[in-house]
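Below is one structure; the comments refer to it alone.
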Amino acid sequence: MKTVQAAFLRAIIAVVVGFLLIKYREQTVTWITIIIGVLFFISGLISCIVYLVNRNAKTTATLDVNGNPISIDKPTFPVVGIGSLVLGVALAAFPTIVVNWMVYIFGAILILGAVGQYITLASVVKLSRLGLFFWLMPSIVFVVGLIAIFRPQWIASAPLLFLGWAMLYYGIVECINAFKVMNIRRQVARLERQQQTEAEVVDAEAEEVGAQDVASGLPAVDATPANSAPEEPENPNVGAGI
């Protein structure tokens, strides 16, 4: 599974978790917490596996917008994946203990998610310029996470409803970023193939011109036998009686 596919899976799980928080926010039952924990664990585990598999894989080199060589297939460190893995274990293994810390936990995962999106955008900004819109979306997620941790009284009336919508928003932003990254990498790969094809055509033309030059520039055949002695120049004094 590629990094982009893992991002889509992470986005889907975030949307499902957000829906569960919105739909069952009044029911602090154990099974909801366990399901959310399992979803986070699966998301984090897949992200970490994808990183470990792609870390030693052969990367594709290209040039950034400034003409410097970079790698476009190098995976980013799974910050969100590790956070999701730890959160999933905590929620699934200790649902009755962590239920009172749900606001802080989801605030932390939103912050980690925003940081992960920043890292993803920074990995492709060298290939293509990104508008302010793409940087603003994870900033909103980051601010919501900060509010949940440091100012939970601002959302005290319905904290899980607020965080549920925040998780839905995070999942949508993750999908948008994944589509953007996928399109940029496709454009770069297409440009790389085009440049490679042009280079092969130029090399073929150069070889053909070189072959024609060799064929037209063969040295002329010398008609003089190889074992014949060179003719001596005529001496004007011979026969003059001197």
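The values are calculated or read from the model by the stated rules, or taken from the named source; none is laboratory data. This structure is a prediction, so every number in the text was calculated from the model and none was measured. Neighbour counts run over all protein chains shown; Cβ positions are idealised from the backbone, glycine included. Note: accessible area is taken over every heavy atom of the protein model, side chains too, but ligands, DNA and RNA are not part of it. Shrake-Rupley method; radii C 1.70, N 1.55, O 1.52, S 1.80 Å.
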**OP:** Just order 128-134, 100-106, 162-168 by mean Cβ neighbour count inside 10 Å, highest at the front, would you?
**Re:** 162-168, 100-106, 128-134
**OP:** Please give, to one decimal in nm, the separation of the simple spin-label points placed at Val209 and Gln5, each 7 Å out from Cα toward the Cβ.
**Re:** 4.5 nm
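Rank these residues by their accessible area, most exposed first, probe 1.4 Å: Val99, Val201. It would help to have the intermediate numbers written out before the result.
Details: Val99 40, Val201 75 Å².
Sorted by accessible area, descending: Val201, Val99.
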Original post:
Going highest first, how would you order 135-144, 110-119 by mean Cβ packing within 10 Å?
Top reply: 110-119, 135-144
Original post:
How big is the accessible area of Ser43 in square angstrom, nearest 10, if you roll a 1.4 angstrom probe over the protein chains?
Top reply: 10 Å²
